[in-house]
């Protein structure tokens, strides 16, 4: 049926009245709640089969010849010895293939991390990707107040923003260090903020085993005790102290979470050239060895507990020793490590919008965009530092957060792939319009324009003249307005009052206990 | 032989003295002249075989059912008719497979575009990629003077910068419109600037057939008459007026260059949603039809003349009609069109660092980085608009140019692939260093640190404190200093004085002729 033969009545029915169209437009403009990205695109292969096999062989050689150190944790040494590793003091060597076979026997290829709002639960691994905020900065930055030490208020503000940003799929962990709170109590306040102010999944404390236990206890209040023991509700990162060391702090947290069946990422923290060889291939072999040893340990502690292959690897400047970001080598390591994780059969966790810039300028954006886009094309399952990072993880930026989140949304649309339905092929449109005409008013455009094309919340696409009239704002200036509006509009996700009180009681009791133990 | 057994004498020999090391460092720090990128990485596949086949079939259907219009050029209509196309008035329809078989019979899969400095000649097509400056902006922007109409001085300044920037491989064409020069004479001044101030390859005028002839004549002065007839010395772009129209201006330039055996890109200029369907799949089918028709015509005019598959496709904002850049759909179209070009067997030309931003801010950088990186991963052979673009091609930026060029250099390093030599595998380093130590002083690092890791000329990786002491500059402020220093340091590449005079004489004669003909 060609356009001309559609009866007027039917046209009206199909298109609806003006008010209805306005309502549809409003609906289409609303951010759709997408709990994570189900990828409809392939992953980019940087290294070929032969190269990956070589890297794997080198990692096995490192584990066999040099081995790893597991420091100040006799229990872990016992576990590894019992499993057949060669333990000499704290140095542990593994026969080639040992770690791999232990991991592949029981480590899940993907798993669900539950959010307290079930609609926000995420699947980690397989063909899925999610964006998570940055982790660990002691400072925050905004245009009004500049760079300053972070406070609990900042932590809560970022947690609110992450709740609202549709392409941020995770509440994260230490989104900034609340330095106004005593170190020994911070984990209680951070976990409470994640559980109260945001209904997306979150990350648990790793700075001491008892803090990890507190995180589990608080999760049990909100999720229910048996639910937590049977399901993954907490995601945590154990950093390997590259080269080739896992220390008691990281091992302590790893053991707690693994025993509670919660997710643990084994993520070597590498400033390449200082903490690994000064080459991509050497860095890859070392980090793969480190990850194999760590993931193996998780399966020895609790077979089936979700373990994740992580990497944080940025080259240092060989002139100054400073870490550098958005670099060719950083992307090469990430693409290659993602392939190693797929071959191993475990989820992969790596970095997103990293930058060494101190401010939300072009450097911040160039570096962030390149690594973030590489992460998506690499098929990283859990993209940490996807939003907010400034100054090489030392600073969390307010403007940077909403700017990065807009790029996350663009990449989420990209990862949705190309629609090749008959409607999307649009042959009727080409037939209708023909040479030299335009498509704006054609039937096909009318049917599809509400949902067509990604809409940036940050980009200014106006004419120069209109942009000038509107104040000639640079992107960081628009971002400054936007995060303030968002915080003003924030509404906390509902939490059962009884659970809230139980959280309060737990925090009060644990705070007293911790302070008492510190007083002694 | 382990490190400890290397005799002192030999160590000294290997490392050289202090002065020698300093010389080596200076050598390593010098930008290596890389005339283009020989890719050591694979291309990213977005669409699968089945999807690409469907797009190709749709393009053939468009050519058969709807056809293309070739306007105001009876000669072209005759050529197409003689080749078997169905010509009705200016509408030309092609049987499925006709264009493809004509192209595949004689169109080269790659070719050399010669530069007047043979060391700067580039290979276009195959596994090669090059970065070319932006094209066409009537305005320029810098931090000191803001946005203003471009002049010949600006054109010459940009041509000098492009000569100096190591990761810009081409002098480009209309790097900005010298609006202080009469329209009818601009092409003479622009071509002269490319030939005098820059020794990289350049693009020819396409605004009228006689201007294309002037470009060929000027190239013949510098390259030699027979050399130009036998080799590609000029690269030019014929934009299809999407949808499905080639007009007399573009056809005129296309005929001149093809007859002289010079390279012609057939590049539909598409603001998707207005000039093509509002979907990626529909846009791809239309643009492929347009390119097939244009490349077929080139081969009918001169079999074997280098034809290039081009695309410029950015979605419009469906709210305001404004073009948008760095978008998911723009990248999807580029990845897919690159695959279509490879299947056809011709070189592919597409866009790089596009942005709608008016200033060198974070928006400019995010949008530019995403599309530029996509272009490299897509395997685009000729990346136009790789540097300088602001305001959706309306403005050429001074700061933006040096900022983008730094990212081109990063991507050039990325495209060099991962070194998997025994030395790069660095197993000796891991054995030497072991757990918990650092690599900074080890033998392997000593041997490799001069050449390891990409060095950005724009990124600030300093500490916050040092950055503050040094003036707390944002990237665009550093860029402002850098382009001024570069222009101050510029030295013109040598040109034989006799050739220079011949160019002067030609320009003087043609200027008189053109002005006389305009006077009548």
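Each value in this text was obtained by applying a stated rule to the coordinates, not by laboratory testing. Values in this document were obtained by computation on a predicted structure and should not be read as measured data. Every residue, glycine among them, receives a Cβ derived from its backbone with ideal geometry; neighbour counts consider all protein chains shown.
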Problem set entry | Per residue Cα convex hull volume in Å³ - calculated over region A:102-239 | 124 Å³
For this session: Would you mind telling me the antiparallel percentage of the DSSP bridges in chain A, rounded to 5?
Result: 40 percent
Seminar exercise, completed: For residue A:422, inter-copy label-point distances (7 Å, Cα→Cβ), nm, shortest first, read 6.3
Seminar exercise, completed: Quick note, region B:70-115: a/c under 1.5 would make it rounded; otherwise a/b > b/c is prolate and the rest oblate (a ≥ b ≥ c, C-alpha gyration tensor); here it is oblate
Seminar exercise, completed: chain B: relative contact order from alpha carbon pairs under 8 Å, six or more residues apart, as a whole percent, is 18 percent
Seminar exercise, completed: Mean per-residue count of partner chain Cβ within 10 Å for B:284-295 equals 1
Exercise. If we count other beta carbons within 10 Å of each Cβ, what is the order of B:464, A:235, fewest first?
Worked result: B:464, A:235
Seminar exercise, completed: What helix-only [θ] at 222 nm does chain A give? Using -39500 (n - 2.57) per DSSP H run of at least 4, over all residues, to the nearest 500, the answer is -15000 deg cm²/dmol
For this session: For region A:404-520, restrict the atom set to alpha-carbon positions and state the Rg and Dmax in Å.
Result: 25.7, 85
Exercise. Counting other C-beta atoms within 10 Å, which of B:474, B:483, A:467 has the fewest, and how do the rest follow?
Worked result: A:467, B:474, B:483
Exercise. Which shape class, rounded, prolate or oblate, goes with region A:336-474 when its Cα gyration tensor gives a ≥ b ≥ c as root eigenvalues, a/c under 1.5 marks rounded, and past that a/b bigger than b/c marks prolate?
Worked result: oblate
Exercise. With axes computed from alpha carbons, what is the tilt in degrees of helix B:209-223 against the longest principal axis of chain B, rounded to the nearest 10 within 0 to 90?
Worked result: 40 degrees
For this session: Let me know the whole percent of all Cα-Cα pairs from region A:325-408 that are separated by more than 20 Å.
Result: 28 percent
For this session: Write down the Kirkwood hydrodynamic radius of region A:456-495, to one decimal in angstroms, obtained as one divided by the mean of 1/r over all alpha carbon pairs.
Result: 11.8 Å
For this session: Could you work out how far helix A:280-301 tilts from the main Cα principal axis of chain A, as a 0 to 90 degree angle to the nearest 10?
Result: 70 degrees
Exercise. If you line up the long axis of helix A:248-259 against the longest principal axis of chain A, both from Cα atoms, how many degrees apart are they, to the nearest 10?
Worked result: 70 degrees
For this session: Kindly state, as a whole number, the per residue volume in cubic angstrom of the convex hull around the alpha carbon atoms of region B:218-311.
Result: 83 Å³
Problem set entry | Per residue convex hull volume, Cα atoms of region B:249-384, in Å³ | 109 Å³
For this session: Based on other C-beta atoms within 10 Å, arrange A:361, A:48 from fewest to most.
Result: A:48, A:361
Problem set entry | Three-way shape call for region A:405-460 based on the alpha-carbon gyration tensor, with the a/c threshold at 1.5 | prolate
Seminar exercise, completed: Inter-copy distances for residue B:501, nm, shortest first, label points 7 Å along Cα→Cβ, are 10.1
For this session: Shortest first and in nm with one decimal, please list how far the residue A:89 label point sits from its counterparts in the other copies (point 7 Å along Cα→Cβ).
Result: 9.0
Seminar exercise, completed: Note: chain A, point scatterers on Cα, Debye, no solvent; log10 I/I(0) at q = 0.05, 0.09 Å⁻¹ equals -0.22, -0.68
For this session: Could you list the square roots of 5 times each eigenvalue of the Cα gyration tensor of region A:463-520, that is, the equivalent ellipsoid semi-axes, sorted largest first and rounded to whole Å?
Result: 48, 18, 5
Exercise. If R0 is 22 Å, what FRET efficiency do you get for residue A:504 and residue A:229 from their C-beta distance, rounded to 0.05?
Worked result: 0.40
For this session: Express as a percent, rounded to the nearest 5, the fraction of DSSP beta bridges in the protein assembly as shown (both residues included) that run antiparallel.
Result: 40 percent
Seminar exercise, completed: Rounded to the angstrom and largest first, Cα extents along the principal axes for the protein assembly as shown equal 103, 91, 51
